[in-house]
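My structure is below; once you've seen it, I'll send some questions.
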Amino acid sequence: WLLCGLIFFSVGVLLYQIKKIWLIFLLLGAFFFALFLSQSQSTYYKEINKEYTNKKQRYIGIIVDVPVQKEYQKILVAVDDPKGRLFVYTKKGSSFKYGQVVEIEGKLKKYDAGKNENYFIKEKAFGEINADQIKIIGDSIQLNIHVLKPLFIIRERFNRALSEALPQAEAGLAGGLILGEKQYLSADFIRALQGSGTSHIIALSGYNITIIIGLISIFTRPLSRRLNLFIPMAFVVSFVLMTGGAASVIRASVMGLMPMFARFFGRTSDTFLAILFSAFVMVVFNPYILLY
């Protein structure tokens with residue numbers, strides 16, 4: 001695939017004077033480059049998993065998402081050696097937070113081909129581990145962690161405020177409706193939603209983005225055209241980052257912002273193009289969401 005990409009890309013450069021033809025070759029070259037990168041990354045994660053499976057190992061990494069509390073605690077850690085992400089399971093109630101640097105000890109589980117292998121590759125993770133030992137050794141100084149940390153703190157405080165103001169079941173449902181949180185919902189309640197065909201109400205989607213854009217637009221209406229575009233866009237992007245960037249909310253945010261861009265440039269928006277463009281944006285950032 002790499003060779004094909006180089007050949008098509010080179011031909012595209014040589015034919016740059018021929019209208020449209022050179023662009024077709026460049027795009028085909030980019031497509032083959034993408035195939036090469038996709039296969040090489042997939043092979044990398046599989047090989048790392050194979051090499052470290054069932055070996056007691058020590059990993060050091062940064063917690064890159066809000067820990068999920070269930071009957072256990074699930075933590076997503078970005079590890080430097082080997083390079084990749086790792087799902088870590090530890091006892092419930094542990095006080096781990098986003099942005100902390102942790103040291104983990106335990107045995108890596110083997111990829112279950114056809115069941116969780118594709119999911120781990122999509123999440124750019126080389127596996128999962130039940131931690132024998134896990135300890136906090138500091139806080140990350142990475143810029144992206146510091147930028148996102150306030151958003152995760154807001155999310156955590158919002159959930160805490162709901163749990164203090166409402167009974168447990170109602171607080172869990174409110175968290176699911178507003179932020180797509182499922183960790184505060186009981187297993188019985190989730191099964192009841194699935195049985196009644198109403199699970200979609202706790203999935204982040206278009207209605208969350210519509211509410212944000214509609215609400216912010218009320219306050220930005222007297223402002224300039226640029227501020228009417230950029231302020232709601234900043235709130236939508238912040239919401240997407242704060243909620244962990246689930247596929248459904250990214251799709252909804254791209255589709256929700258496209259009519260705003262259309263109005264800004266004096267154009268009309270098209271729903272089909274909006275969903276096509278949102279798919280394109282998502283696949284550019286993570287091709288595995290298309291494959292898996």
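The values are calculated or read from the model by the stated rules, or taken from the named source; none is laboratory data. Remember, predicted model here, so these are calculated numbers, not experimental data. Neighbour counts are summed over all protein chains in view; Cβ atoms, including those assigned to glycine, are modelled from backbone coordinates with ideal geometry. Accessible surface is based on the protein model in full, side chains and every heavy atom, while ligands, DNA and RNA are left aside. Shrake-Rupley method; radii C 1.70, N 1.55, O 1.52, S 1.80 Å.
For GLY84, list long-range residues whose amide hydrogen, built 1.01 Å from N in the peptide plane, is under 5 Å from its own amide hydrogen.
Counting only residues 5 or more places away or on other chains, the set is VAL79.
Keeping the other protein chains in place, figure out the carbon and sulfur percent of the accessible area of the chain, with a 1.4 Å probe.
Percent of accessible area from carbon and sulfur atoms in the chain: 64.
If you don't mind, another one. When the helix-only estimate is applied to the chain (DSSP H runs of n ≥ 4, each -39,500 (n - 2.57), divided by the residue count), what is the mean residue ellipticity at 222 nm, nearest 500 deg cm²/dmol?
-18500 deg cm²/dmol
Would you mind working out the accessible area per residue for the chain, using a 1.4 Å probe, and quoting it in Å²?
Accessible area per residue: 61 Å².
Near the amide H of GLN183, under 5 Å away, which other amide H atoms are found, from residues 5 or more places off or on another chain, if H is placed in the peptide plane?
Residues meeting the criterion, in which the H sits 1.01 Å from N, do not exist here.
Give, in whole angstrom and from largest to smallest, the semi-axes √(5λ) of the equivalent ellipsoid of the range 111-176, with λ running over the eigenvalues of the Cα gyration tensor.
For the range 111-176, the semi-axes come out at 29, 21, 14 Å.
Tell me, what is a quarter of the convex hull surface for the C-alpha atoms of the range 177-292, in nm² with one decimal?
Quarter of the Cα hull surface area: 8.7 nm².
Same structure, new question: Using the structure shown, list the pairs from LYS91/LYS182; LYS74/LYS107; LYS97/LYS122 with a Cα-Cα distance above 20 Å, or answer none.
The answer is LYS97/LYS122.
Can I ask one more? With a 1.4 Å probe and every protein chain left in place, tell me how much accessible area VAL147 has, in Å² to the nearest 10.
Counting only protein heavy atoms, the figure is 90 Å².
May I have the extent of the alpha carbons of the range 28-152 along their three principal axes, as whole Å values ordered from largest to smallest?
Dimensions of the range 28-152 along the principal axes of its Cα atoms: 48, 35, 25 Å.
Normalized C-alpha radius of gyration of the range 3-44, against 2.2 N^0.38 Å?
Relative to the rule-of-thumb radius for its length, the range 3-44 sits at 1.28.
If you bin the C-alpha pair distances of the chain every 5 Å from 0, what whole percents do you get?
1, 5, 9, 11, 14, 15, 14, 12, 9, 6, 3, 1, 0, 0
While we're here: Summing Lys, Arg as +1 and Asp, Glu as -1, what charge do residues with Cβ under 13 Å from the Cβ of TYR72 carry, TYR72 excluded?
Local net charge: +2.
Related question: Would you kindly derive the ³J(HN,Hα) couplings of the range 64-74 from the backbone phi angles with the Karplus curve 6.51 cos²θ - 1.76 cosθ + 1.60 (θ = phi - 60°), listing them in order in whole Hz, with x for Gly and Pro?
Working through the residues one at a time gives 10, 8, 5, x, 9, 9, 10, 5, 9, 10, 10 Hz.
Okay, moving on. Tell me, what HN-Hα J-couplings in whole Hz come from the Karplus equation 6.51 cos²θ - 1.76 cosθ + 1.60 at θ = phi - 60° for each residue of the range 278-292, using x for Gly and Pro?
Karplus-based 3J(HN,Hα) across the range 278-292 equals 5, 5, 4, 4, 5, 5, 4, 6, 8, x, 5, 5, 7, 6, 10 Hz.
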